[in-house]
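The values are calculated or read from the model by the stated rules, or taken from the named source; none is laboratory data. Keep in mind that what you see is a predicted model, and the values were worked out from it rather than measured. Note that we place each Cβ from the backbone using ideal geometry, even for glycine, and neighbour counts take in every protein chain shown. Quick note on the areas: whole protein, heavy atoms, side chains included, nothing else; ligands and nucleic acids left out. Shrake-Rupley method; radii C 1.70, N 1.55, O 1.52, S 1.80 Å.
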Amino acid sequence: MSVIRVGSVGLGGISKGVHLPGIEASPDLMLTALCDIDENRLRERGEQYRIPEARRFTDYRDLIACPDVDAVDISTPNNVHMEIAAAAANAGKPYDVEKPMTMDTAEAQALVRATREAGVKSMICFSYRYKAAARYLRSLLLGGRLGRIHHVNMQYYQAWGLAERDCPLVWRFVKSVAASGALGDLGCHALDLVSFVTGQRYEKVAAHLGTIVPERRLPDGAGRGPVDVDDFSNILAGMSGGISASFQISRFAYGRGNYQRMEVYGEHGALVYHLDRVPGLDELEIADASTDGKYVSVPIPEEFRVSQMQAFADLLNGHDDGLNASAEDGLTNEILLDGILRADAEKRWVTL
Ligand SMILES: NC(=O)c1ccc[n+]([C@@H]2O[C@H](COP(=O)([O-])OP(=O)(O)OC[C@H]3O[C@@H](n4cnc5c(N)ncnc54)[C@H](O)[C@@H]3O)[C@@H](O)[C@H]2O)c1
C-alpha cells in the first residue's frame, strides 16, 4: 500500500461535502493540489486544507502536469468532466469523476477509449453505491433472498426546484452545461442503483419528461433566462431477468430533501430501501414468510459500511472490491440517459 497524492478539480458543493473530507479522512490519500476557476473559492479551500499557493491552480492542465499529483479527483459541472478526465488519462494519471460521467454517449465513448488506451483506473462517483443499505440490499438480492424479481419501483425526490424556493438559473438548469435536468442529476443515480442492486441491465425504456418552471432569474440578477432541461422525469424500463421497473424523479417534490425509496418485489417477498425518510439515514425493510408477511426493519451489518473516497484509494492500491463504477459503467449509464431523452422526444419505447 502506498499513499496516493491527489489533486482535486472543481471545489464547489460536492467537493466540500464529500470529496475533500473523504480524501482527508483516508490514510491512503493525501490532498496535494487544488484547482478551480473561481479564485476566491480556490483561496478558501487552499487555506482550509493548507495547500501551498504553488499547488493552487486555475487551469486543470497545470494540476494534471504537477509532479506532486498521482491521481485526479474531478467535481466540476458536467460539461467539462470529459475533457478533464481524458486529459488525466492521457497524462497516465487515474481519476475519479462525478456523475453524470459526460454530456452524452459520444463523449462517454471517447473517454472510455482514452482510459483504455492509457491503461489507467477510473471511478465514476455513483455515490449511492456506497450507502450501506444499498450494498446490503444488493447482497440479499444477488443471494436470491426474494427469488426472481418481478418489479422495482424507485423514487428520487428533491424540492429545491419549486417556484416558491425561487432558485436562480444555476448551471443545473442549463442544457449546454448540465446536458439534462433532474434526469442527469438525480435519475442517473437511481438508474445506476437499480442495476447495481439487481445485477440486471436495461433493455428498453419509455419516458415522460417535463419542465415546470420554464424561466428563472439569472444568478447575477440581470434579468431572466430560459430553463431548457427537465424538472422531472418519469421512466418505465424493461430489464433483463424479466424485471419491469419504474422511476419517478423530480426536483419538485414538496418537503423532500434528498429522498430516495426503492421497492423491490420478488416471488418470495419484498425489500424496501429508504434514504432520508429519517434525515440522512439509509434503511432497509423486508417482508417475507420469516416476518409473517409484515414489513420490518433489517439491521445492516457493519461490513457494508464504506466510504466512497476510501474505495477510490483501495481501487488504486489494487484492493478493488468490484463494486465501483468504471468508465465502462459510466458509458452504459450515458447510453441509457440518451435512450430516455430519445424515448420522451419521440414518444415511443426505445430499445437499448
Ligand atoms: N455524487 C453525488 O451525489 C453528487 C452530488 C452533487 C453534485 N454532483 C456532481 O458533482 C459535480 C459538481 O456539482 P456541485 O454541486 O459541486 O457544483 P458546484 O457548482 O457547487 O461546484 C462546481 C465547481 O467547479 C468549478 N469549475 C467549473 N468549471 C471548472 C473548470 N473548467 N475547472 C475547474 N473548476 C471548474 C466551479 O467554479 C465550482 O467551484 C456535478 O457533475 C454534479 O452532477 C454529484
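Note on segment 229-286: among residues that are among the aromatic types (Phe, Trp, Tyr) and outside any strand (DSSP E or B), the one that is surrounded by the most Cβ atoms within 10 Å (Cβ to Cβ) is 252. When residue 3 is tested against (1) open to solvent by 30 Å² or more (accessible area, probe 1.4 Å); (2) in contact (Cβ under 8 Å) with a residue 60 or more places away in the chain; (3) β-branched (Val, Ile, Thr); (4) more than 12 Å from the ligand (Cβ to nearest atom), only condition (2) is not met. All conditions in (1) more than 30 Å from residue 286 (Cβ to Cβ); (2) within 16 Å of the ligand (Cβ to nearest atom) hold for residue 128, with the sole exception of (1). Checked against the criterion of being more than 10 Å from the ligand (Cβ to nearest atom), more than 25 Å from residue 102 (Cα to Cα), crowded, with 17+ Cβ neighbours inside 10 Å and among the polar types (S, T, N, Q), segment 35-48 contains not a single residue that satisfies it. When the residues of segment 6-34 are filtered to those that are assigned to a helix (DSSP H, G or I) and open to solvent by less than 10 Å² (accessible area, probe 1.4 Å), the one that is nearest to the ligand (Cβ to nearest atom) is 15.
Examine segment 178-200 for a residue that is among the charged types (D, E, K, R), open to solvent by 30 Å² or more (accessible area, probe 1.4 Å) and closer than 24 Å to residue 239 by Cβ, and state whether such a residue exists. No; the residues of segment 178-200 include none that is among the charged types (D, E, K, R), open to solvent by 30 Å² or more (accessible area, probe 1.4 Å) and closer than 24 Å to residue 239 by Cβ. Criterion first (open to solvent by 10 Å² or more (accessible area, probe 1.4 Å), among the hydroxyl-bearing types (Ser, Thr, Tyr), under 19 Å from the mean Cα position of the chain (by Cα) and more than 14 Å from the ligand (Cβ to nearest atom)) does residue 136 satisfy it? Yes; evaluated as a whole, the condition is true for this residue.
Considering only residues of segment 56-79 that are in a helix (DSSP H, G or I) and crowded, with 19+ Cβ neighbours inside 10 Å, which is farthest from the ligand (Cβ to nearest atom)? Steps first, please.
At the first step, the residues of segment 56-79 found to be in a helix (DSSP H, G or I) are 60-65, 78-79.
Subset that is crowded, with 19+ Cβ neighbours inside 10 Å: 60, 63-64, 78.
Values: 60: 5, 63: 9, 64: 11, 78: 5 Å.
Restricting to residues being in a helix (DSSP H, G or I) and crowded, with 19+ Cβ neighbours inside 10 Å, the top hit is 64.
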